[in-house]
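Undergrad: Once you've had a glance at the structure underneath, I'll fire off some questions.
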Amino acid sequence: MSTAAFFYISVMKQENAEIVQGLRRRNPDLLDQLIERYHYRLMRYLLHLTGNRETAEDVFQETWVRVLERGHQYNGKAKFETWLFSVARHLVIDLFRKKKPASLEVLRGSGEDTGPIEIESTGQPSPFEFAVGREESAHIGLAMGHLNPVYREVLMLRFQEELSLNEITRVVDAPLPTVKTRLYRGLRALRSRVEEAGLESEKS
Amino acid sequence: MKRADHQRAQQFIDACQVEGISPEERTWLDSHLSACEPCSQHAGATERAIQAFRSVHIDTDPALVQATQARVRARAREIHEEAERMRPVWISAVLALVVTVASAPYIWQGLEWLAGKFGAPAWVFQFGFFWFWLIPCLVAAAALAGGLLGEQHAERFQVK
């Protein structure tokens with residue numbers, strides 16, 4: 001192992017240990033720092049997962065309250081964000097269970113991915129598109145918004161969060177083969193969506 | 001080139017992004033891509049798609065962060081106050097248990113002596129001893145239940 005890698009791992013362990021201690025003591029200052037540090041990534045994850053800004057914002061707040069209440073469950077062995085996303089994901093599942101039981105299957109690890117199921121299929125542009133920064137080209141947002149949320153979730157964890165496959169299995173609570181299947185299918189769907197979007201933007 | 005080679009190359013292109021490929025597979029893929037235009041385009045399209053996905057930026061509301069921090073702090077205060085409120089109850093429960101256990105042999109002997117003195121049957125002092133054990137437990141349970149009900153009441157009216 002190189003010195004840099006060793007140093008990085010030591011720093012990460014130290015940081016995790018501090019988070020574990022702070023969460024056990026329910027230290028509000030630490031919580032403030034964590035909210036500040038992870039807000040963008042958590043919000044991005046929730047937006048990918050729910051496809052709806054209002055829902056994402058509600059779950060965002062609930063997630064941090066849950067982190068405060070159940071912080072003692074984080075043992076510091078995994079990255080904090082892995083645990084954070086897992087907490088957020090469970091809250092989204094609970095929310096969908098209350099709102100729309102059918103859509104829950106989308107996020108469950110047990111079911112095989114037989115085809116795309118949209119959480120919101122109103123025919124209107126997805127709320128996800130409006131959440132994407134205005135400076136980004138609209139067609140990319142459109143392409144992302146039409147991806148199945150279950151694919152969008154793993155693609156986001158892999159290519160934006162750059163989590164390892166094992167870390168993704170922990171977040172989505174699904175076995176490794178399921179995660180791989182979702183990633184391969186998601187990548188295929190993403191490629192064709194981006195190509196279509198590219199062609200459409202060229203036409204217009 | 002065989003059709004199976006193109007399929008293999010396209011599988012490797014995806015596998016590179018998802019789980020990685022071995023150095024031998026990498027060498028084979030590179031040599032295939034240098035000679036195959038459609039597969040090379042496929043690799044380019046995959047790379048572009050991932051880049052596009054990575055480039056997506058999400059707008060976040062700073063007010064949301066502040067509101068969340070305020071809500072978390074308020075909840076932390078509530079939890080702390082609740083723990084403070086419950087502390088005397090827990091201390092009393094533990095003390096009651098310790099005193100009950102420590103005094104049990106003396107109470108047993110005392111009740112036995114009383115029963116003998118007044119000629120009461122054994123079940124009378126055993127019944128008395130049973131209540132001696134039960135009453136502190138009932139009191140502690142009532143106090144804890146009262147505390148938990150208070151907690152639920154506080155949660156119902158917590159500031160969102």
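Undergrad: Applying the selection to segment A:62-82, what residues are touching a residue at least 24 places away in the same chain (Cβ under 8 Å), away from chain B (no Cβ under 14 Å) and either farther than 18 Å from A:E167 by Cβ or not charged (D, E, K, R) (or both)?
TA: Within segment A:62-82, A:Y74, A:N75, A:G76, A:A78, A:F80, A:T82 qualify.
Undergrad: Let me ask something else. So, in segment B:32-84, exactly how many residues are farther than 16 Å from B:Q7 by Cα and of a type in the set (S, T, N, Q)?
TA: Of the residues in that region, 6 qualify.
Undergrad: Could you identify the single residue in A:R41, A:R25, A:R37 that is charged (D, E, K, R) and open to solvent by less than 70 Å² (accessible area, probe 1.4 Å)?
TA: The match here is A:R41.
Yes/no per residue for (1) assigned to a helix (DSSP H, G or I); (2) modelled with pLDDT of 95 or more:
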| site | (1), (2) |
| --- | --- |
| A:A5 | yes, no |
| A:I9 | yes, no |
| A:Q14 | yes, no |
| A:E18 | yes, no |
| A:R26 | no, no |
| A:I35 | yes, yes |
| A:L49 | yes, no |
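Undergrad: Within segment A:11-22, can you find the residues that are open to solvent by less than 50 Å² (accessible area, probe 1.4 Å) and over 11 Å from A:F80 (Cα atoms)?
TA: The answer is A:G22, and nothing else.
Undergrad: In segment A:156-175, how many residues are in a helix (DSSP H, G or I), in contact (Cβ under 8 Å) with a residue 40 or more places away in the chain and either under 22 Å from B:R48 (Cβ atoms) or among the small types (G, A, S) (or both)?
TA: Of the residues in that region, 3 qualify.
The values are calculated or read from the model by the stated rules, or taken from the named source; none is laboratory data. The structure presented is a predicted model; accordingly, all values stated were derived computationally and were not measured. Because the Cβ atoms are built from the backbone with ideal geometry, glycine has one as well, and the counts that use them run over all protein chains shown. Accessible surface areas use protein heavy atoms only, side chains included; no ligands, DNA or RNA. Shrake-Rupley method; radii C 1.70, N 1.55, O 1.52, S 1.80 Å.
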